[in-house]
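See below for the structure under consideration.
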Amino acid sequence: MPRFAYVNGQYRRHNEAAVHIEDRGYQFADGIYEVVTVMNNKLIDEEGHLDRLERSLKELQIAMPMSRQVFKMVSRELARRNGLDNGLIYMQVTRGVAPRNHAFPAANVPPAVVMTTKRMNFNKMKKFTEGVSVITIPDQRWERRDIKTVALLPNCLGKQKATEAGSYEAWQVDGDGYITEGTSSNAWILSKDKKLITRPLSNDILHGITRRTVLQLAAEEGIEVEERAFTVDEAYDALEAYATSATSFVTPIVRIDDKVLGNGKPGHFGQKLLAAYTDYAEGAGAS
Ligand code: PMP
């Protein structure tokens, strides 16, 4: 259990930290969040995550509750107080506390900010060496999946289905049979002719910060990339597949539903991308 959480300007003991019962995040899921990974005491892609945090707030017309500089300071101070050398920092901003009413409260109601940390051991994760399986499910979310809101119920239901199936992730499928993304990660395949394929940015998916970095790294590795939607059948027929997110890095997928990919072991391209990502996380991407 971490020792401290940050709540609206204060570092509180984690087991006593609380928000008001009329916080709009609690009543309406009226808020946004970010997850930044910490590796060897450094934050990975912090600027990208703060860019997206600002964008999500803007899309929901919630004011930036404090400057980027203060977000950076508070993240580091919370990590320091919690002795977090490897793990994640969770940051959440909601529209604040007001008597329950769907319409926004008065402009002088301040947004509410919470930050927590979670320890993780990235070295000992079997998912990177053995790979994982995913299932496919219908995408039941709203049309603004590009905003990182705390309204994650369809994602939770999907992840629970995956968990019950013994799988790591559920890949969500749109009405036309194309995969959008996982419930908490972006979806990728490597086709038999060795093209790396992932869905292009739009309101249909979250604009993953790891996705962006992996696209850069793939180009540097000389891997041919196609940003386009792909179907479930194409995924079944792929050579390799991956899930990317701040805490998944580039997780190799070795089975989709009941279709085993390749020899059922993490493939060459995925291992190359994962190694490139880990190098990046320890070097250029670290701050
Ligand atoms: N898609 C969804 C739905 C997610 O929740 C996440 C994780 N936040 C991602 C993709 C991956 O985003 P990132 O690489 O920024 O963690």
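The values are calculated or read from the model by the stated rules, or taken from the named source; none is laboratory data. Please read all numbers here as calculations on a predicted model, not as lab measurements. Because the Cβ atoms are built from the backbone with ideal geometry, glycine has one as well, and the counts that use them run over all protein chains shown. Areas reflect the complete protein model, heavy atoms only, side chains present, ligands, DNA and RNA absent. Shrake-Rupley method; radii C 1.70, N 1.55, O 1.52, S 1.80 Å.
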Between a first residue in segment 6-22 that is closer than 17 Å to Ala98 by Cβ and a second residue that is open to solvent by 100 Å² or more (accessible area, probe 1.4 Å), which pairs have beta carbons less than 9 Å apart while being 6 or more apart in sequence or on different chains?
-> Val19/Tyr26; His20/Tyr26; Glu22/Pro99; Glu22/Arg100
Among the numbered conditions (1) within 16 Å of the ligand (Cβ to nearest atom); (2) open to solvent by less than 10 Å² (accessible area, probe 1.4 Å), tell me where Asn82 comes up short.
-> (1)
Quick one: is Glu181 within 29 Å of Leu50 (Cβ to Cβ), within 11 Å of the ligand (Cβ to nearest atom) and among the acidic types (Asp, Glu)?
-> yes
Of the residues in segment 108-128, how many are of a type in the set (A, V, I, L, M, F, W, C), at pLDDT 95 or above and part of a loop (DSSP other than H, G, I, E, B)?
-> 2
Restricting to segment 153-173, what's the tally of residues that are surrounded by 16 or more Cβ atoms within 10 Å (Cβ to Cβ) and either free of Cβ contacts under 8 Å to residues at least 60 places away in the same chain or away from the ligand (no atom under 15 Å from the Cβ) (or both)?
-> 9
Of the criteria (1) in contact with a Ser or Thr (Cβ under 6 Å, 6 or more places away or on another chain); (2) open to solvent by 50 Å² or more (accessible area, probe 1.4 Å), which one His20 fails | (1)
From the list Lys159, Lys195, pick out the single residue that is out of contact with any helix residue (DSSP H, G or I) (no Cβ under 9 Å at 6 or more places or on another chain), more than 19 Å from Gly262 (Cβ to Cβ), among the basic types (Lys, Arg) and at pLDDT 95 or above.
-> Lys159
When you look at Glu240, is it more than 16 Å from the chain's Cα centre (by Cα), open to solvent by 40 Å² or more (accessible area, probe 1.4 Å) and more than 16 Å from the ligand (Cβ to nearest atom), yes or no?
-> no
Within segment 86-109, tally of residues that are farther than 20 Å from Glu47 by Cβ, surrounded by 14 or more Cβ atoms within 10 Å (Cβ to Cβ) and in contact (Cβ under 8 Å) with a residue 24 or more places away in the chain = 8
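So, Val254, is that one among the aliphatic types (A, V, I, L, M) and away from the ligand (no atom under 16 Å from the Cβ) or not? If you could, list the steps in order and put the result at the bottom.
Values: among the aliphatic types (A, V, I, L, M): yes; away from the ligand (no atom under 16 Å from the Cβ): yes.
Spelling it out, Val254 is indeed among the aliphatic types (A, V, I, L, M) and away from the ligand (no atom under 16 Å from the Cβ).
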Over segment 186-209, the set of residues within 13 Å of the ligand (Cβ to nearest atom) and among the basic types (Lys, Arg) is Arg199
